[in-house]
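Scroll down for the structure; my scribbles are underneath it.
The values are calculated or read from the model by the stated rules, or taken from the named source; none is laboratory data. Because the structure is a prediction, the values reported are computed rather than measured. Glycine also receives a Cβ, built like all others from the backbone with ideal geometry; neighbour counts cover every protein chain displayed. For the accessible areas, the whole protein counts, side chains as well, though only heavy atoms, and no ligand, DNA or RNA atoms are used. Shrake-Rupley method; radii C 1.70, N 1.55, O 1.52, S 1.80 Å.
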Amino acid sequence: MITASKSDAVSQDGLLPDLPNGPLSEYRRKASFNWKDMAMFLEDEDIIAFKNKIFSTLESDPLFYRQPGVDLPLEKYRELTFLRCKKIFEYNFLTFEATMEKPQKMLVLINCLGMYDWSLSTKYFLDTQVFGVAIGNTGSERHETILHQTQNMEIRNPKTLLPMPGVMVGDIGRKLGQNGLDNGFAMFHNVRIPYENLLNRTGDISSSGNYTSAYKDPKQRLGASLGTLSSGRVSIISMVVTNLKLAITIAIRFSATRRQFGPTEKEEIPVLEYQLQQWRLIPYLAAAYALDYFSVGFFFNLIELQIGILMKDRSPRQAELGKEIHALSCAGKPLASWTAQHGAQECREACGGHGFLAMNRLGDIRNDNDPNCTYEGDNNVLLQQTSNYLLGLVQSIHEDNAPCESPLGSIHFLNDYKTILKRKFTASTIRECLDCAVALDAYKWLVCYLLRESHDKLQQEKQRAANDFDARNNSQVYYCRSLALAFIEHTVLQRYYDYTHDPSTPGSLQPVLKKLCCLYGLWSLNKHIAVLYQGGYFAGELPGRIVQDAILDLCAQLKDDAVSLVDAIAPPDFILNSPIAKADGELYKNLWSAVLQGEKVLERPSWWPEFCCNKPVIGKPRSQL
Ligand SMILES: CCCCCCC/C=C/C(=O)SCCNC(=O)CCNC(=O)[C@H](O)C(C)(C)COP(=O)(O)OP(=O)(O)OC[C@H]1O[C@@H](n2cnc3c(N)ncnc32)[C@H](O)[C@@H]1OP(=O)(O)O
Ligand SMILES: Cc1cc2nc3c(=O)[nH]c(=O)nc-3n(C[C@H](O)[C@H](O)[C@H](O)COP(=O)(O)OP(=O)(O)OC[C@H]3O[C@@H](n4cnc5c(N)ncnc54)[C@H](O)[C@@H]3O)c2cc1C
């Protein structure tokens with residue numbers, strides 16, 4: 001294990017307390033790096049201190065106490081969520097000034113609250129941000145009063161809490177997750193909305209009925225109007241990565257402590273030693289690292305866009321930035337939310353029966369993550385926005401009449417479209433595949449190929465189909481949908497590759513980070529193997545085989561680092577709230593203690609007399625008389 005220097009260690013110890021000794025210590029000793037160095041490389045001291053403050057405040061407040069796995073009645077859960085939300089307002093973790101100074105703290109706060117409970121986080125965030133920001137971003141000075149009212153929670157009649165005349169509001173009922181949040185409906189019956197309420201940032205109507213807009217280009221105007229939706233999607237990417245981090249922490253810590261059959265009869269071995277368990281989990285750990293890096297960087301891109309909006313920047317660059325962020329967020333949300341969805345389920349199963357026990361939290365993580373695939377735009381519908389963006393570039397690519405340029409550079413590689421399409425997979429050994437550039441090159445080919453195929457398919461369908469609507473619909477499966485996903489996977493991988501290969505990345509962390517990058521790349525690529533063969537990039541048995549062998553090799557190389565990799569991203573035990581995944585690794589002691597603390601654990605059920613005095617008689621229904 002590599003240790004930190006003395007001065008680093010002093011500042012680290014204050015921020016990151018040592019983890020308790022126990023059954024996980026052996027893996028921690030075997031790690032190739034120091035988990036505290038990793039944690040401090042991933043986030044700066046100020047952010048770690050901010051997180052510590054939030055976590056310790058919640059842990060010290062009895063209102064935030066919870067019994068693992070207890071299923072609260074709906075009304076009680078909503079009441080608790082409301083009271084906790086109120087308390088978060090009082091704690092005021094993030095002032096307006098602090099947000100302006102370091103905007104990513106808003107995302108950190110959402111995720112810290114989400115790690116505790118997504119119902120609380122979403123409620124708080126919708127109240128403080130989404131509604132107000134939507135009005136702020138699309139309205140003007142004349143909406144300040146409304147903004148003020150939303151900030152003061154005046155969202156009904158402030159004295160009676162009854163809805164305003166003509167407005168009907170109600171509850172939509174129990175959902176599959178996030179049930180502490182009371183989603184509702186609103187209906188308006190002959191309610192006259194004052195003209196001044198019209199949100200008029202991108203267009204207005206004069207009192208004489210004339211439409212005016214500062215945007216000359218209608219497309220730029222539409223982009224500016226819909227741009228607000230991008231911020232939700234960008235934030236969701238980070239939120240779902242948080243879920244993946246929670247789930248993988250639980251599954252890795254469990255797998256490192258849960259023992260089953262070993263090669264000899266003498267000793268059982270941790271299930272993490274099985275190749276199958278490694279292959280099921282470690283790629284999700286790599287995905288958590290790669291997507292996390294993407295989510296943070298992409299959030300900064302969004303901030304740049306929002307500063308432009310605030311400064312009323314109407315330059316072509318600002319418009320292009322809006323389009324690129326729209327295209328990336330419309331595929332980034334699907335990729336990240338589905339990865340978290342599949343990862344949470346794999347983690348649940350990887351923990352066997354213990355994973356199915358509610359107190360270990362994997363069910364809640366899975367269910368609370370699920371709506372991210374739907375809200376702020378259904379994933380499958382959003383992917384079409386990304387493929388539309390890419391298909392819009394084809395003409396200039398074919399005719400070489402204009403370079404493919406975008407503010408964030410995600411499409412720059414398409415300038416080499418024709419050359420890339422001529423390339424073949426050239427690696428011939430597993431060793432060569434362990435260089436992440438191999439997966440990255442393959443992705444460049446894959447995106448170019450799917451772009452060409454999707455374009456051709458769309459043209460064919462346009463000739464065949466009665467209208468463009470059908471043509472577009474019939475070009476999604478295997479074409480445009482795959483294109484959008486391959487494009488975002490390439491973007492995530494390219495960014496992670498640049499980061500892990502940057503000379504400023506500490507030498508002690510670079511080897512493990514490069515392995516994660518390579519594993520994420522090959523594992524993701526492997527899902528497109530049919531297309532790689534179909535398009536002729538792969539030929540013969542060898543490419544498919546060495547890619548798979550390299551994946552297994554990387555999983556084996558990373559298994560001794562896995563515990564320290566989750567230590568660097570895990571919240572404290574109180575927040576993680578999963579007895580099988582406490583930092584001390586005392587799986588059975590913690591589980592047993594949580595079971596025994598359950599209400600009425602050792603009591604007979606209240607209906608016990610039914611069994612003793614009124615036993616069922618097989619085949620003889622009792623008379624109802
Ligand atoms: C942080 C959140 C926490 C949790 C939240 C929990 C609560 C949940 C809240 C919600 O769900 S709120 C409701 C959110 N609703 C949606 O997201 C709706 C999803 N649907 C859409 O956005 C649209 O249907 C669509 C997917 C954009 C498609 O619309 P349509 O078919 O009418 O448009 P197109 O013709 O395809 O596009 C027009 C044109 O506009 C461009 N564009 C669209 N969106 C944006 C954008 N955000 N930014 C920039 N540009 C945008 C699009 O690219 C097209 O451009 P051209 O191709 O014409 O150049
Ligand atoms: C927990 C939760 C909270 C929400 N909160 C809010 C909120 O606060 N405010 C708000 O406005 N909304 C909210 N929503 C609504 C949310 O934005 C929508 O559910 C979402 O945008 C999807 O739209 P839909 O439900 O109409 O799905 P539909 O459009 O009806 O989709 C149904 C199915 O049809 C498919 N489909 C639809 N169109 C196409 C197409 N063109 N091509 C191919 N397939 C298609 C979809 O993929 C999907 O599988 C919330 C939703 C959830 C789950």
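Miscellaneous remarks
- Centroid-to-centroid separation of the range 35-91 and the range 111-164 [C-alpha atoms, Å]: 20 Å
- Sequence of Leu15, Leu162, Leu302 from largest to smallest accessible area, 1.4 Å probe: Leu162, Leu15, Leu302
- Rounded if a/c under 1.5, otherwise prolate or oblate - the range 336-438, Cα gyration tensor axes: oblate
- Sequence of Leu42, Leu525 when ordered by accessible area, the most exposed leading, probe 1.4 angstrom: Leu42, Leu525
- Proximal lysines relative to Lys462, as straight alpha-carbon distance under 26 Å, when same-chain residues fewer than 8 apart are discounted: Lys219, Lys323, Lys418
- Only Lys, Arg (+1) and Asp, Glu (-1) charged, at Cβ; the chain dipole about Cα centre in debye: 1300 debye
- Using only side-chain charges placed at the Cβ, +1 for Lys and Arg and -1 for Asp and Glu, the dipole size of the range 343-462 relative to its Cα centre rounds to 380 debye.
- Extension reserve of the Asp400-Lys159 stretch, reckoned as 0.36 nm per residue once the Cα distance is removed: 80.2 nm
- Area accessible to solvent at Arg142, 1.4 Å probe radius, in Å²: 80 Å²
- Cα centroid of the range 553-625 to Cα centroid of the range 246-311, whole Å: 23 Å
- Of the trypsin sites (Lys or Arg not before Pro) found in the range 520-625, those that fall in a DSSP loop while having at most 12 other beta-carbon atoms within 10 Å are Lys527, Lys600, Arg622.
- By a 1.4 Å probe calculation restricted to protein chains, His412 has an accessible surface near 80 Å², given to the nearest 10.
- Modelled FRET efficiency - R0 22 Å, Asp13 with Asn52, Cβ distances, 0.05 increments: 0.95
- Inter-label distance for Lys175 and Arg423, nm, one decimal - labels placed 7 Å from Cα along Cα-to-Cβ: 4.2 nm
- Between the beta carbons of Gln597 and Leu229, assuming R0 = 51 Å, the FRET efficiency works out to 0.70 to the nearest 0.05.
- Once the chain from Ala214 to Arg192 is taken as fully extended at 0.36 nm per residue, the excess over their C-alpha distance is 5.2 nm.
- Global geometry of the range 1-157, whether rounded, prolate or oblate, following the gyration tensor of its Cα atoms and the 1.5 cut on a/c: oblate
- When each of Lys333/Lys444; Lys87/Lys245; Lys86/Lys175; Lys51/Lys312 is checked by Cα-Cα distance, pairs over 29 Å: Lys51/Lys312
- From its DSSP helices (H runs of at least four residues, each -39,500 (n - 2.57)), the chain gives a residue-normalised ellipticity at 222 nm of -19000 deg cm²/dmol.
- Linear extension gain, Asp502 paired with Cys612, 0.36 nm per residue minus alpha-carbon span: 32.4 nm
- The equivalent ellipsoid that matches the C-alpha gyration tensor of the range 160-201 spans semi-axes of 27, 15, 9 angstrom, in descending order.
- The Cα center of the range 167-183 and the Cα center of the range 403-452 differ in position by 46 Å.
- Computed accessible area, Met168, all protein chains, 1.4 angstrom probe, square angstrom: 90 Å²
- For the range 532-625, the set of chymotrypsin sites (Phe, Trp or Tyr not before Pro) satisfying both a DSSP loop assignment and a count of at most 16 other C-beta atoms within 10 Å is given as Trp607.
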